[in-house]
Amino acid sequence: MSERYALYFAPDVASPLWQRASQWLGRDCAGGAVTERPAEIEGIALDPITKSARHYGFHATLKAPMMLAGNVDRAELETALTGFARAAQPVDIGRLVVAQISHFLALIPEKQSTALTDFAAECVTAFDRFRAPMTAAQREQRLSGGLSPRQIALVDQYGYPYVLEEFRFHMTLTDRLKAEDSAPVKAAAEAWFGDAIAAPVPLDRIVLFHQPVAGADFVRLGDYVLGRKD
């Protein structure tokens with residue numbers, strides 16, 4: 001089986017942030033119809049610079065895409081998510097801002113709190129039992145990105161380098177940009193998302209995403225609202 005599951009944060013599908021992001025990326029991975037957006041926003045053609053981001057859907061990673069271990073299945077994962085979410089409480093992300101991370105743009109918190117970092121770490125550790133071990137080829141691919149010794153150790157322990165103290169909350173908006181394109185694309189994103197990120201955003205849910213086969217687009221399967229008892 002090549003299907004993968006991921007635990008992400010994504011805002012409610014009815015929220016202005018989700019609607020704006022789906023239009024920006026040109027795809028609503030929850031299966032809704034995307035309101036037609038102009039071919040350009042602030043003079044920026046978006047299709048060529050959002051291909052990879054569109055494939056994954058609008059999200060912030062909590063537990064990176066993983067194949068399921070052989071002794072568990074989707075139903076067990078969903079049951080565990082339900083229990084984890086009921087016992088957890090929402091975490092304040094704060095206001096989001098458009099920022100450049102390496103060579104791409106993302107929405108990030110103005111300041112990442114310890115509570116947010118700790119919550120992401122809980123997700124990583126609590127659900128690691130569902131992750132199938134990495135193959136040698138997968139490990140080699142992960143390590144090809146020039147990781148630090150600590151990040152390599154995290155890959156070997158959790159299958160992903162950007163967890164625990166290496167975690168940086170971000171919601172990807174673009175693929176890799178040319179240096180000369182970063183400033184105008186950032187200005188376009190700030191204009192497009194302005195009203196949608198004017199107020200603080202709560203991390204109020206874990207969202208299960210699914211890739212049915214290798215290479216397929218990720219789809220939003222279901223929301224697990226934090227602290228909900230019904």
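The values are calculated or read from the model by the stated rules, or taken from the named source; none is laboratory data. In this text, all values refer to a predicted model and were calculated from it rather than measured experimentally. Cβ atoms come from the backbone with ideal geometry, glycine included; neighbour counts cover every protein chain shown. Just the protein is used for accessible areas: all its heavy atoms, side chains included, with ligands, DNA and RNA removed. Shrake-Rupley method; radii C 1.70, N 1.55, O 1.52, S 1.80 Å.
Structural remarks
- Considering segment 187-230, the qualifying strands (runs of 3 or more DSSP E), each wholly inside and each with 1 or more residues that are of a type in the set (Lys, Arg) and under 15 Å from the mean Cα position of the chain (by Cα), run over 205-211, 219-225.
- Unique residue being under 20 Å from residue 110 (Cβ atoms) and buried (at least 18 other Cβ atoms within 10 Å of the Cβ) when the list is 218, 169, 209: 169
- Listed by first and then second residue, the pairs linking a residue in segment 68-95 that is at positive phi to a residue that is assigned to a strand (DSSP E or B), with Cβ atoms under 8 Å apart and 6 or more places separating them unless they lie on different chains, are 94/109; 94/201.
- Which numbered condition residue 46 misses (of (1) surrounded by 20 or more Cβ atoms within 10 Å (Cβ to Cβ); (2) aliphatic (A, V, I, L, M); (3) more than 30 Å from residue 145 (Cβ to Cβ); (4) without any contact (Cβ under 8 Å) to a residue 60 or more places away in the chain): (3)
- Look at segment 193-208: where a residue is in contact (Cβ under 8 Å) with a residue 40 or more places away in the chain and basic (Lys, Arg) and a partner is open to solvent by 20 Å² or more (accessible area, probe 1.4 Å) and not in a loop (DSSP other than H, G, I, E, B), sitting 6+ places away or on another chain with Cβ atoms under 8 Å, you get 205/223; 205/224; 205/225.
- Selection of segment 204-223 for residues being among the acidic types (Asp, Glu) and under 15 Å from residue 62 (Cα atoms) yields 204, 223.
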